[in-house]
Every structure is written in structure tokens, then in C-alpha cells.
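Scroll down for the structure; my scribbles are underneath it.
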Amino acid sequence: MKFILGSLTAIAIFISLACQTNSSAKQTGALYEQGQTPPGGKRVVKTNAEWKKILTPDQYAVLREHGTERAGTSPLLNVHEEGTFYCAACKNPLFAEKAKFESGTGWPSFFEPISKNAVKVAKDNSYGMERDEVVCSVCDGHLGHVFNDGPKPTGLRYCMNGVAMTFQKK
């Protein structure tokens with residue numbers, strides 16, 4: 001039992017370290033304002049029951065309950081083909097494959113969204129950490145977090161849950 005508890009604690013520490021940095025990404029000034037008009041001016045609003053009908057249990061846990069998939073488990077982690085990553089809940093285009101990079105964190109990572117208004121960023125103070133949560137600008141689904149330790153040209157790392165997205169080849 002002690003081994004299991006120790007293992008779970010180690011995993012939790014690893015996850016929190018893999019997706020956090022010393023300073024908030026908002027300090028870069030490169031992030032987007034909340035409340036911008038989503039792409040096409042559209043919004044998708046559903047009840048929890050409606051979301052549960054169209055999302056898998058794992059998608060619902062991440063997108064609607066702000067969960068996190070286990071590191072290294074997403075099939076989207078190894079996608080390197082030309083195409084687009086979409087919100088699994090509402091099909092909003094989120095990231096182009098050309099903005100994807102290998103961060104070594106175990107989650108699909110991108111240095112910029114496909115368009116300025118594809119995502120919104122909000123403060124997330126859960127689990128005793130200060131982070132910047134990334135949500136879909138169309139359905140407000142939780143996608144992951146953004147940090148200021150990414151590559152050029154933006155210096156940002158959008159650390160996304162693969163289960164919250166789908167991919168379509170070009």
C-alpha cells in the first residue's frame with residue numbers, strides 16, 4: 001500500500017513539474033485577451049448531459065471537468081503529418097501541425113494556435129499552482145495550459161491534452 005501511495009505521489013509531482021514553469025506565461029504579453037469573438041462568431045453551448053452523449057468518458061473528463069490525460073498516452077503526440085488539430089467537442093480548428101514541436105513533456109505541444117481567436121487563456125490556480133489554462137474559444141472546453149518556455153518565434157508552449165483534440169490530415 002505504501003508503495004502504491006508513493007508511486008502515485010511521484011507521478012503527481014512529475015505531472016506538475018512537466019507542465020509548469022517558474023513564471024506565468026501571461027508575463028510575456030503575447031497571450032490573447034479573453035472574450036474575443038470566436039472563429040466565425042459562433043459559440044457552442046450544451047448541457048452536461050448533451051456533452052456526455054457526444055464525448056467519450058475520457059474526453060468529457062478533460063474537456064468539461066478540467067482533467068488531464070496521462071503523459072505519453074495520446075496518439076496525437078506522434079502526429080507529424082501536415083494537417084489541423086481540432087477541438088474534439090465542437091470541431092473548432094485549434095492548431096496547425098507546422099506549429100507542433102517535441103517538448104519532451106509527454107503531451108502534444110505547440111508554439112502558437114492556428115488563429116488569434118482559436119483559444120482563450122484564463123488563470124488556473126488549482127492544485128496550489130499558478131498556471132494559464134487554455135480553453136477552446138467556441139465551447140470553452142479545457143484543452144491544457146500554456147507556458148513561456150517554448151521555442152521561437154513565440155517563446156510559448158501550449159501543452160495540450162491530446163484527448164481534447166482530433167487531427168485531420170491535409
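The values are calculated or read from the model by the stated rules, or taken from the named source; none is laboratory data. What you see is a predicted model, and the numbers here were worked out from it, not measured in a lab. Note that we place each Cβ from the backbone using ideal geometry, even for glycine, and neighbour counts take in every protein chain shown. For the accessible areas, the whole protein counts, side chains as well, though only heavy atoms, and no ligand, DNA or RNA atoms are used. Shrake-Rupley method; radii C 1.70, N 1.55, O 1.52, S 1.80 Å.
Set the bar at 21 Å for Cα to Cα. Now go through Lys52/Lys169; Lys53/Lys169; Lys46/Lys169; Lys91/Lys170 and name every pair that lies beyond it. Don't skip to the answer; put the middle values down first.
Working: Lys52/Lys169 27 Å; Lys53/Lys169 26 Å; Lys46/Lys169 28 Å; Lys91/Lys170 15 Å.
Correct reply: Lys52/Lys169; Lys53/Lys169; Lys46/Lys169.
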Under unit Cβ charges (Lys, Arg +1; Asp, Glu -1), what dipole magnitude, rounded to 20 debye, does the stretch 40-98 have relative to its Cα centre?
-> 380
Sequence of Ser115, Ser137 from largest to smallest accessible area, 1.4 Å probe | Ser115, Ser137
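So if each residue of separation counts as 0.36 nm, and I subtract the Cα-Cα distance between Tyr127 and Phe101, what length gain in nm does that give? Could you put the intermediate results ahead of the total?
Numbers: separation 26, 0.36 × 26 = 9.36 nm, distance 2.67 nm.
Gain on stretching Tyr127 to Phe101: 6.7 nm.
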Starting from the Cα gyration tensor of the stretch 80-163, take the square roots of the eigenvalues, sort them a ≥ b ≥ c, and report rounded, prolate or oblate (rounded when a/c is under 1.5, otherwise prolate if a/b is larger than b/c, else oblate).
-> oblate
Answer rounded, prolate or oblate for the stretch 28-170, using the Cα gyration tensor with square roots of eigenvalues a ≥ b ≥ c: rounded when a/c is under 1.5, else prolate when a/b is larger than b/c, else oblate.
-> rounded
Full-extension gain in nm, Glu81 to Ser115, via 0.36 nm per residue minus C-alpha separation = 10.3 nm
Aspartates and glutamates near Lys42 by alpha-carbon distance under 14 Å, same-chain residues fewer than 8 away left out - which ones?
-> Asp140
